[in-house]
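Report on the structure given below.
The values are calculated or read from the model by the stated rules, or taken from the named source; none is laboratory data. In this text the structure is predicted, and so the values were computed from the model without any measurement. Here Cβ is always computed from backbone atoms with ideal geometry, including for glycine, and neighbour counts include all displayed protein chains. Accessible surface areas use protein heavy atoms only, side chains included; no ligands, DNA or RNA. Shrake-Rupley method; radii C 1.70, N 1.55, O 1.52, S 1.80 Å.
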Amino acid sequence: MAAQRIDKILSATGRYSRREAAALVKAGAVTVDGVCCRDAARKIDPDKQALAVRGEPVGWKEHVYLMLHKPLGVLSATRDRDQKTVLDLLPPEYRARGVFPVGRLDKDTSGLLLLTDDGDFSHRLTSPKHRVDKVYLAQTDGTPDEAAVQAFADGLTLRDGTHCLPATLEILGENQVRVTVQEGQYHQVRRMLAACGTPVRELMRLREGGLELDSSLKPGAWRELTEREMREFF
């Protein structure tokens, strides 16, 4: 990748502010390839040169990509005065990097939520023109019929005039369905099922694109995406 200033690389880890990074360099705490460097403006390629602070290698990444099992009752937002947000579930270094939710899940919806500091990645996943599948498991009051399955396939028009793209409704059993949509309009899955006479009692997102929620992640837990998972998107 292109060379960048040492103070910028250090601040991008989320561990230091730009001022703190410059102070570390000035104090002689930073080395490049084992040699002390006191020039915060020096440009290096962190993919090819070893950067360390007080002997500890700097684990620098241009962007971070996180999978979170969003629990119920938490907002898909970066901040809120009164309520807990998904960023409150992450360590401070991720918040310092400026990560944000990719799209959103309603407060009363759980499951897979991705977070990143990469705007292009977020756009690819959330833009309807890219037609990325989003798969949900819903517990409903009542069980949809075959007419509802066809209505989803045709593209529902909701009571307020909102037109939904064609979607897939699979009946899994009594009061349980799986829904696949390719857009993320406001309360979309809930509103679509309610329009068919089977309002949602519980809703969970299972998959986005080729990425499934890690079954080992408990609600509120998170991890970084693996290299294999990243290849699903790049």
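Of all accessible surface on the stretch 1-121 at a 1.4 Å probe, what whole percent is carbon and sulfur?
Exposed carbon and sulfur together represent 46 percent of the surface.
Take the alpha carbon atoms of the stretch 145-192, find their center, do the same for the stretch 25-68, and report the distance between the two centers in whole angstrom.
Centre-to-centre (Cα) distance: 49 Å.
Taking N as the number of residues in the stretch 75-150, what is its Cα Rg relative to 2.2 N^0.38 Å?
With N residues counted in the stretch 75-150, Rg over 2.2 N^0.38 Å equals 1.39.
Which whole-number value in Å² is the accessible area per residue of the stretch 1-56, probe 1.4 Å?
With the other protein chains kept in place, the stretch 1-56 gives 58 Å² per residue.
Gain in length, Asp45 to Gln139, computed as 0.36 nm per residue apart minus the alpha-carbon separation, to one decimal in nm?
Extra length available between Asp45 and Gln139 comes to 28.8 nm.
Wrap a convex hull around the Cα atoms of the stretch 93-232, take a quarter of its surface area, and give that in square nanometres.
9.2
Which whole-number percent is the relative contact order of the stretch 61-175 (Cα, under 8 Å, 6+ apart)?
Averaging sequence separation for qualifying contacts and normalising by length gives 21 percent for the stretch 61-175.
At a Cα cut-off below 14 Å, give the aspartates and glutamates reachable from Lys84, other chains included and same-chain residues fewer than 8 away excluded.
Asp106, Asp108
Over the stretch 130-207, with every protein chain in place, what whole percent of the accessible area is carbon and sulfur at 1.4 Å, could you tell me?
46
Once you place label points 7 Å from the Cα toward the Cβ at Arg228 and Gln4, how far apart are they in nm?
Once both label points are built, they end up 2.8 nm from each other.
Tabulate in residue order the Karplus-calculated ³J(HN,Hα) for the stretch 198-208, using 6.51 cos²θ - 1.76 cosθ + 1.60 with θ = phi - 60°, rounded to whole Hz; enter x for Gly and Pro.
10, x, 7, 9, 9, 9, 9, 8, 9, 8, 9
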